[in-house]
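The values are calculated or read from the model by the stated rules, or taken from the named source; none is laboratory data. Keep in mind that this is a model prediction, so the values were computed, not measured. Backbone-built Cβ (ideal geometry, glycine too); neighbour counts: all protein chains shown. Accessible surface areas use protein heavy atoms only, side chains included; no ligands, DNA or RNA. Shrake-Rupley method; radii C 1.70, N 1.55, O 1.52, S 1.80 Å.
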Amino acid sequence: MNLRMKKSDSQIVQDLFSHFSAAIPCDIRERESIAKFLEIVPTLTSPFDEHADPTHITGSAIVIGKRGVVLHLHKRLNLWLQPGGHIDTDETPAEGALREAREETGLDVSHPSSGPWLMHLDVHAGPRGHTHLDLRYLLTAPDDDPSPGPDESQEVAWFGWDEAIEMADIGLAGALRAARRLA
């Protein structure tokens, strides 16, 4: 039996609201994303459920290690992105980011020993007309080569920081610059 008490969705949203109300954005894009997040999230009845509203919270991972940063070529978007996606029922955003990163990279990623580190927020258009309020967590990985599962994009690789930042879209580039300072 799991004796750990999980926070309710409303408690998690309240914590996120407090976090981003006090956050110092890394760039203009994140500042705009934080403002949108603070405006939109209070209006969502099921903020983690992709089926309840086309606007919802997602979780992703900036995966770092001695080799740099891990990105994958998104199957539908054909863009090099950080691993991440929708949050499953009874899963926190940090747990969702961890699960997605493990599935999409095949690496034994983990949160820092101090616990989940929410390091970035990006609000962007997702597939099927959705808007993703994407929480980005810093994860670490061993130096192993990625080995994603058969249903995942097979284009997953370690990149040096400069190369990753250069090929990233504007929202990811800000997160990578912020993570690079932490690496």
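Tell me yes or no: at least one residue of the stretch 81-92 is among the small types (Gly, Ala, Ser), in contact with a helix residue (DSSP H, G or I) (Cβ under 6 Å, 6 or more places away or on another chain) and closer than 26 Å to Asp27 by Cα.
Step one: filter the stretch 81-92 for residues among the small types (Gly, Ala, Ser), giving 84-85.
From the residues that got through so far, the ones that are in contact with a helix residue (DSSP H, G or I) (Cβ under 6 Å, 6 or more places away or on another chain) too are 84-85.
Next, only the ones that are closer than 26 Å to Asp27 by Cα stay: 84-85.
Yes, the conditions are met somewhere in the stretch 81-92.
Anything in the stretch 111-121 that is in a loop (DSSP other than H, G, I, E, B) and closer than 14 Å to Ile62 by Cα? List them, or say none.
In the first step, residues of the stretch 111-121 are kept if they are in a loop (DSSP other than H, G, I, E, B); the result is 111-117.
Hits for the stretch 111-121 are His111, Pro112, Pro116, Trp117.
Does Pro142 count as farther than 27 Å from Thr55 by Cβ and at pLDDT below 95? I'd like the intermediate steps shown before the answer.
Details: farther than 27 Å from Thr55 by Cβ: yes; at pLDDT below 95: no.
No: the conditions fail for Pro142.
Could you count how many residues in the stretch 137-183 are charged (D, E, K, R), assigned to a loop (DSSP other than H, G, I, E, B) and either open to solvent by 60 Å² or more (accessible area, probe 1.4 Å) or without any contact (Cβ under 8 Å) to a residue 12 or more places away in the chain (or both)?
Taking the stretch 137-183 first, the residues charged (D, E, K, R) are 143-145, 151-152, 155, 162-163, 166, 169, 177, 180-181.
Imposing the further condition that a residue be assigned to a loop (DSSP other than H, G, I, E, B) reduces the set to 143-145, 151-152, 155, 169.
With the extra rule that they be either open to solvent by 60 Å² or more (accessible area, probe 1.4 Å) or without any contact (Cβ under 8 Å) to a residue 12 or more places away in the chain (or both), the set shrinks to 143-145, 151, 155, 169.
Qualifying residue count for the region: 6.
For the stretch 100-109, how many residues meet the condition of being within 15 Å of Gly59 (Cβ to Cβ) and more than 11 Å from the chain's Cα centre (by Cα)? Talk me through it step by step, then tell me what you get.
Taking the stretch 100-109 first, the residues within 15 Å of Gly59 (Cβ to Cβ) are 100-105, 109.
From the residues that got through so far, the ones that are more than 11 Å from the chain's Cα centre (by Cα) too are 102-105, 109.
Looking only at that region, the number is 5.
Looking at Gly68, Gly59, Gly106, Gly84, which is the one that is touching an Asp or Glu at 6+ places or on another chain (Cβ under 6 Å), modelled with pLDDT of 95 or more and under 30 Å from Asp143 (Cβ atoms)?
Just one listed residue meets the conditions, Gly84.
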